[in-house]
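The values are calculated or read from the model by the stated rules, or taken from the named source; none is laboratory data. Predicted model only: the values in this text are computed from it and were never measured. Note that each Cβ is placed from the backbone with ideal geometry, even for glycine, and that neighbours are counted across all protein chains shown.
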């Protein structure tokens with residue numbers, strides 16, 4: 001049985017996926033598991049692949065969900081993306097973008113495009 005926190009996270013990811021679809025993105029993968037981490041949402045539109053990290057915060061008193069995607073987390077996302085591309089070479093020629101979709105407890109959603117760049 002999933003914990004309250006896991007169910008809340010799943011609901012946040014579902015909302016982010018629905019928002020992505022409404023903006024014309026196709027869901028390529030959800031919760032892609034790699035050795036170095038997990039990719040919440042992998043989206044595609046035209047010739048662009050978007051890796052979206054979904055962050056959920058009850059309130060923003062201590063910062064937004066996007067504030068929690070530090071350099072270490074960014075590095076893990078890049079490594080997991082490299083593994084995704086190795087397993088799915090048909091996506092290797094696409095432009096890749098890293099976004100953060102931050103949701104708060106009041107229902108707010110902030111989609112930050114190009115939240116960081118692979119180094």
Filter result for residue 28 (touching a residue at least 60 places away in the same chain (Cβ under 8 Å), surrounded by 17 or more Cβ atoms within 10 Å (Cβ to Cβ), on the phi < 0 side of the Ramachandran plot and in contact with a strand residue (DSSP E or B) (Cβ under 9 Å, 6 or more places away or on another chain)):
yes
Qualifying position, being farther than 22 Å from residue 108 by Cα and modelled with pLDDT of 95 or more, among 87, 30
87
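Residue-wise test of (1) at positive phi; (2) crowded, with 17+ Cβ neighbours inside 10 Å; (3) modelled with pLDDT of 95 or more.
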{"site": "18", "(1), (2), (3)": "no, no, yes"}
{"site": "21", "(1), (2), (3)": "no, no, yes"}
{"site": "42", "(1), (2), (3)": "no, yes, yes"}
{"site": "52", "(1), (2), (3)": "no, yes, yes"}
{"site": "57", "(1), (2), (3)": "no, yes, no"}
For the stretch 72-115, give me each residue that is surrounded by 15 or more Cβ atoms within 10 Å (Cβ to Cβ), within 11 Å of the chain's Cα centre (by Cα) and not in a helix (DSSP H, G or I).
97, 98, 99, 100, 101, 102, 111, 112, 115
The stretch 1-16, residues that are in a helix (DSSP H, G or I) and without any contact (Cβ under 8 Å) to a residue 24 or more places away in the chain
4, 5, 6, 7, 10, 11, 14
Which condition number in (1) more than 13 Å from residue 16 (Cβ to Cβ); (2) surrounded by fewer than 18 Cβ atoms within 10 Å (Cβ to Cβ); (3) modelled with pLDDT under 95 is the one that residue 69 fails?
(2)
